[in-house]
Structures are given as structure tokens and as C-alpha cells.
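Everything below concerns the one structure shown next.
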Amino acid sequence: MITEIMNRNSPFSYRCNGCGRCCVNKRIQTNPYEVLRLARNLGMKTGEFVQQYLDKEGPYLRVTAEYTCIFLDNKSCGVHQDRPIACRTYPLGRWVSSNYEETYRELKSHPGCEGVYGLDGTVGQFLAEQGVLPYLEVADRYQALFYRMFDALQQVLPTDSDLPDNAQNAMFRSDQADMPAFMEWLDIDGAVKIYCAEHNLVPPDDIVRIVDLHVQAINQWLDSQPGGTP
Ligand code: SF4
Ligand code: SF4
């Protein structure tokens, strides 16, 4: 078993044998891009998706009473083409430091996992094979936004209190009624629809353009805040 800290050049290979065990007893967290990909896979808008497929308590895919992922169909993933990052990088975990240095470590194997570990490739090749690189690029953009939000909110919030209304309006927007803030944050279609209406833009169909507008909308709000200087 490989346990050391790895980078994309480190020797690594893994062959999945489709046992489905990594889709059980696991909480799969989602970001707006992952929700957008999953929603489109199912022919939905993100507002519907978050209401139907996310846990009510946080940004995680729902699980069944047996604690299996809601998308597990027998031993197969029902949304394989658009599965989230955690599903693509398993059995590796990715860590990104505050100065954007990326490392990988092998995660604890699921009991009974039938995958085959090896060294006849690299971490980078494995990631490319899993189609995760576009996901990581977007995840890093959202991480940069989070750092900016954190800095800006420290200036905006005088005490440990709720977000001010203008922050709520800029960062958590949805065209769906009565959703908790984490769901509004993930309803990227709703946020972009509102932003486009305010800026006389036609809401795009292309998912890369949708993410661009989402990031742009939040950055514009951050630019206008006392602590939001780029
Ligand atoms: S999204 Fe697919 S791969 Fe990921 S946990 Fe669910 S069933 Fe498994
Ligand atoms: S536990 Fe390993 S072998 Fe089984 S489905 Fe998941 S990645 Fe594939």
C-alpha cells in the first residue's frame, strides 16, 4: 500500500473492478460545478436537483436507508459520466494548501474493495483517466473565491453574526423559494439567471460559461467590499 504524500508525478495506478463498495457509507460533498454537471446529467436545473438529491442538512448527495449513495444502481453509478470529484479521485484524496500547493494521499481502502493497486503509471495519468482535471480547475477557482469571501466577511462582520443582507444577496441566490443557504449556494442556475436578468444578459446553456458568470458575479460583489480588494 502506498501511504506517502504524493504529487502528480508520483508512481501510482489503480484498476477499479466495479464492486461498488466505495459508494456505501460515504458522504459525497458537492460544489456548484459538480451540482451543475449532475443536474444536466439528469436533465434538470440545479434548483430542482438540490431539492431532490441533496441531503437536507448539508451539501452532500443523499443516501438511502442502507447508507448507499442515492445514485448507486446495483453496483453501477447511475451518473457515471458526471460523478463528483471524490468519486473520480478515489482511492486518492487531494489536499490543496492555502498557497495552492496540491498533494495526494491514498485513502483508507473500503472493506472488501476489489480494486488493484499498482505503480505502472503516475498520479497525473490516473487523474486524467478519471476525467477529473476540469473538475479540479473549477474547484480551485471556488477555493480562491472562498478565501476572498473569508477575508471580505471579516471586514464586513463586526461580530460573529449572520451574514449581512447584501452578502446573502450576492453569494446565495436562487430562484427557488425557501431554501437553506447552502442549497442557494449550489443553485448555480438560479444565481446565474438572476445575475443575467440584472445585467441584460441571455442565460447561457454552456456549463463552462455558467460557471464563469457565477464566479464573475461573486467576484464583482467582493470587489465592492472593504475587505474584498483582489
Ligand atoms: S455518485 Fe456514483 S460513484 Fe459517486 S458515490 Fe454515488 S454512485 Fe458512487
Ligand atoms: S471500491 Fe474500488 S474496485 Fe470497488 S467500485 Fe470502488 S473504486 Fe472500484
Projected onto the charge dipole of the chain (unit charges on the beta-carbon of Lys, Arg, Asp and Glu, signs +1, +1, -1, -1), the Cα from 41, 11, 147 with the largest positive-side position is that of 11
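Using a 1.4 angstrom probe on heavy atoms only, work out the carbon and sulfur share of the accessible area of the chain in %. Spell out each step's value before the answer.
Numbers: 6140 of 12300 Å².
Carbon-and-sulfur percentage of accessible area, whole number: 50.
Decide, for the chain, between rounded, prolate and oblate: order the square roots of the alpha carbon gyration tensor eigenvalues as a ≥ b ≥ c, take rounded if a/c falls under 1.5, and otherwise choose prolate if a/b is larger than b/c, else oblate. Before the final figure, lay out the partial values.
Numbers: a/c = 2.01, a/b = 1.53, b/c = 1.31.
It comes out prolate by the Cα gyration axes.
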Taking every other residue with Cβ under 11 Å from the Cβ of residue 31 and scoring Lys and Arg +1, Asp and Glu -1, one gets 0
How far is helix 32-41 tilted, in degrees, relative to the longest principal axis of the Cα atoms in the chain, given as a value from 0 to 90 rounded to the nearest 10? 70 degrees
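Any idea what the dipole of the chain comes to, in debye rounded to 20, about its Cα centre with Lys/Arg Cβ at +1 and Asp/Glu Cβ at -1?
On the way: 21 positive and 30 negative charges, 151 e Å.
With only Lys, Arg, Asp and Glu charged at Cβ, the dipole is about 720 debye.
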Taking springs between alpha-carbon atoms closer than 10 angstrom, which of 65, 152, 139 fluctuates most in the Gaussian network model of the chain? 65
Let me have the 222 nm mean residue ellipticity of the chain computed from DSSP H runs of 4+ only, each contributing -39500 (n - 2.57), with the sum over all residues rounded to the nearest 500. -12500 deg cm²/dmol
Taking amide hydrogens as modeled 1.01 Å from N in the peptide plane, which residues meet the under 5 Å criterion relative to residue 73, leaving out close sequence neighbours? 78
Low-density loop cleavage sites - chymotrypsin sites (Phe, Trp or Tyr not before Pro) in the range 31-124, where at most 16 other Cβ are within 10 Å (DSSP): 67, 100
Pick out which of 200, 219, 41 has the largest mean-square fluctuation in a Gaussian network model of the chain, springs linking Cα atoms closer than 10 Å. 200
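The values are calculated or read from the model by the stated rules, or taken from the named source; none is laboratory data. What you are looking at is a predicted structure, and each value in this text was computed from that prediction instead of being measured. When we count neighbours, we look across all protein chains shown, and the Cβ atoms used for this are built from the backbone with ideal geometry, even at glycine. Note: areas computed on protein heavy atoms with side chains; ligands, DNA, RNA excluded. Shrake-Rupley method; radii C 1.70, N 1.55, O 1.52, S 1.80 Å.
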